Amino acid sequence: MTKAITGMQSRARPEILRMADYSSARSLVGEDEGVVFLDANECAYEPFLGARNLSRYATQQPRELQRAFCDWLDISSRNLTITRGADEAIDCLVRGFCAPGVDNIVICPPTFAMYAQSAILQGVEVREAPLTHDFALDQKAIEAVVDTATKLVFVCSPNNPTGNVMDVRTIANLCVALDGKALVVVDETYIEYAIDTFGGNSVIPELERFANQVVLRTLSKSHAAAGLRCGCVVAAADVTDLLRRVLAPYPVPQPVIEAALAIFSANNKGRLTTKRAETIERRNRVMESLENIDEIKRVWPSHANFILVEARNASALCRRARAGGIILRNQSHQPGLNEAVRISIGSEAEMTQLLAVLRGEAVACEAQKRRHVIVRKTNETAIAVAVNLDREAPINIDTGIGFYDHMLEQIAKHAGFAMTLECDGDLDIDPHHSIEDCAIALGQAIRGALGDKRGIGRYGFCLPMDEALVTVALDLSGRFYLDFRAKFSQPMVGDLPTDMIGHIFHSLAENLQANLHIAVTGENCHHMVEACFKGLGRALRQAIRQEGNDMPSTKGIL
Ligand SMILES: *Cc1c(COP(=O)(O)O)cnc(C)c1O
């Protein structure tokens, strides 16, 4: 049975149109519960204890994930194809539409390399219609290279590596001019960095108007999930039908489905929005700083999470960064770019390091060694904590408990180390789990960062805050002991229960494998609690400080 060929399908490879729809019994029955699947030679047991749903093939386009994508992009599933990243989407488009040795694609350099790469792999000619000198689309140049064998025109917006958004009217004009001839593939990988900030708009709402408009999106960049390999194509239903025939069998692995759903969960959305806003704000600050670096002649505007700069000498700039332990991407090989280097926006600490290296203030990154990351996930909490004992910033703490954030910040601040801690816990039940698990993870992170403890001070102690008096004595001995003496007259300080304070120090010291004595007296509970955390920070400052390379123990290990 052959279906009628509709819309832009007429431009696809004829052999794919003739090919029967790929159908597994699974795609016919769907994901309905209550049936016994003996159709795909799967095993009836999981591959290892604790595995979830790995014994079964996922469906071609898992329904729950489809729903999440449709919600995100405000589209119908008839217009959606979930792929292993935008890269696979590009490849499927090329394979679905371009006959080897016959057809061609058009790219607008300088641009993303995968369009040409996929075409070359498929034996398809690549034609170039370069961007204008200010990196805008050149519609005339595009139309000049398009012929009857042109199947795809790739437009990247915001463009990698130039960072600018393409004019949506030009994209619309192109769709009209190429109607019935070629697909206009708009790669919106970075669009979230442009929406709301630079007036960059997704062209997805134009889907209804243009049968030949195709949009690529991905979770790799603004959703921070490059390792997940998950993205999608948004196109007219007939193009979507065709792509699903080209797609690999079961292209969305089960763990990817679960992780992607977690990314789209209501809790996480706000978090990603905040992170994205921080990235944009950091990018703008870094751009200003880069303007003042001698070796950099020019910083192009950016609507993405990277910056393109023109260097006096691009390879010298990359070498200099490399010597400081940082890898940048030289883009000078791209047509239309000279001495150009692309810089991704990393963490605050990474950007500080980059600027220091480029200013010649730091060379080798010896100071990166004493750092450690702990990721801890239970049914009650998910925590990520990173410490760097040789840096004082940044300190970013978000446990969901305001006063606890403030207290943990005291530890990092007074100990003089960088710490980021994020916790997503079951606060709706009780703060207990979040408080305890953060202390456990922090203890483990500091212990991990201490490494073999060579050269450290090992001991620390400290003292007062107004009427409150605290004594903190600490030995990073590798053995746990806690002696905590405090009488709090109030059940809460801020949103932190005071009966949790001893618990925090217990979890922290146990996981740090430290001997910790804290005694506090006073009247004001806020002062008393804060004094404990500050005191611990000060004690840690002395204990973790590295001087020389000696093992501070006659045993030779700690
Ligand atoms: C990074 C990038 C991609 C690749 O995205 P994946 O979803 O990770 O495959 C696609 N297009 C552009 C412009 C990119 O920069």
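The values are calculated or read from the model by the stated rules, or taken from the named source; none is laboratory data. Note that the structure is a prediction, hence the values are computed from the model and not measured. Positions of Cβ are backbone-derived with ideal geometry, glycine not excepted, and every protein chain shown enters the neighbour counts.
Restricted to region 82-115, and to residues that are in a strand (DSSP E or B) and within 22 Å of the chain's Cα centre (by Cα), which residue is farthest from Ala226 (Cα to Cα)?
Filtering first and then ranking leaves Ile82.
Hey, can you tell me all the residues within region 381-402 that are within 18 Å of Lys369 (Cβ to Cβ), aliphatic (A, V, I, L, M) and not in a strand (DSSP E or B)? Passing the criteria: Leu389, Ala393.
Which residues, counting only those in region 53-89, are among the β-branched types (Val, Ile, Thr) and either more than 15 Å from Gln254 (Cβ to Cβ) or at pLDDT 95 or above (or both)? So that I can check it myself, show each step before the final result.
We begin by selecting, within region 53-89, every residue among the β-branched types (Val, Ile, Thr); these are 59, 75, 81-83.
Listed by number, the residues that qualify are Ile75, Thr81, Ile82, Thr83.
Considering only region 453-558, give the strands (runs of 3 or more DSSP E) lying wholly within it that have at least 3 residues that are within 25 Å of Asp437 (Cβ to Cβ). Passing ranges, in order: 469-475, 481-485, 515-521.
What is the residue count in region 93-102 for residues that are surrounded by fewer than 23 Cβ atoms within 10 Å (Cβ to Cβ) and either of a type outside the set (Val, Ile, Thr) or within 20 Å of Thr218 (Cβ to Cβ) (or both)? Qualifying residue count for the region: 4. When the residues of region 116-148 are filtered to those that are free of Cβ contacts under 8 Å to residues at least 12 places away in the same chain and within 28 Å of the chain's Cα centre (by Cα), the one that is surrounded by the most Cβ atoms within 10 Å (Cβ to Cβ) is Ala116.
Assigned by TED's automatic domain parsing to the domain that holds Val184, within 12 Å of the ligand (Cβ to nearest atom) and out of contact with any Gly (no Cβ under 9 Å at 6 or more places or on another chain): does that describe Phe112?
Values: assigned by TED's automatic domain parsing to the domain that holds Val184: yes; within 12 Å of the ligand (Cβ to nearest atom): yes; out of contact with any Gly (no Cβ under 9 Å at 6 or more places or on another chain): yes.
Yes: the conditions hold for Phe112.
Within region 151-162, residues that are of a type in the set (Phe, Trp, Tyr) sit with their Cβ atoms under 8 Å from residues that are more than 8 Å from the ligand (Cβ to nearest atom) and in a strand (DSSP E or B), at 6+ positions apart or across chains, in these pairs: Phe154/Ile105; Phe154/Val106; Phe154/Ile107; Phe154/Val185. The residue pairs whose first member lies in region 166-183 and is in a loop (DSSP other than H, G, I, E, B), whose second member is of a type in the set (Lys, Arg), and whose beta carbons are closer than 8 Å, counting only pairs six or more residues apart or on different chains, are Gly180/Arg11; Lys181/Arg11; Ala182/Arg11; Ala182/Lys151. Does region 210-223 include one or more residues that are at positive phi, part of a loop (DSSP other than H, G, I, E, B) and either over 24 Å from the mean Cα position of the chain (by Cα) or within 16 Å of the ligand (Cβ to nearest atom) (or both)? No, there is no match, as no residue in region 210-223 is at positive phi, part of a loop (DSSP other than H, G, I, E, B) and either over 24 Å from the mean Cα position of the chain (by Cα) or within 16 Å of the ligand (Cβ to nearest atom) (or both). Is region 358-376 home to any residue that is buried (at least 20 other Cβ atoms within 10 Å of the Cβ) and out of contact with any helix residue (DSSP H, G or I) (no Cβ under 6 Å at 6 or more places or on another chain)? Within region 358-376, one or more residues are buried (at least 20 other Cβ atoms within 10 Å of the Cβ) and out of contact with any helix residue (DSSP H, G or I) (no Cβ under 6 Å at 6 or more places or on another chain). Between Leu183, Leu228, Leu207, the distinction of being surrounded by 22 or more Cβ atoms within 10 Å (Cβ to Cβ) and either of a type outside the set (Ser, Thr, Tyr) or within 21 Å of Thr279 (Cβ to Cβ) (or both) belongs to Leu183 only. Residues of region 404-433 that are under 14 Å from Glu380 (Cβ atoms), surrounded by fewer than 24 Cβ atoms within 10 Å (Cβ to Cβ) and not β-branched (Val, Ile, Thr): Asp424, Gly425, Asp426, Leu427, Asp428, Asp430, Pro431, His432, His433.
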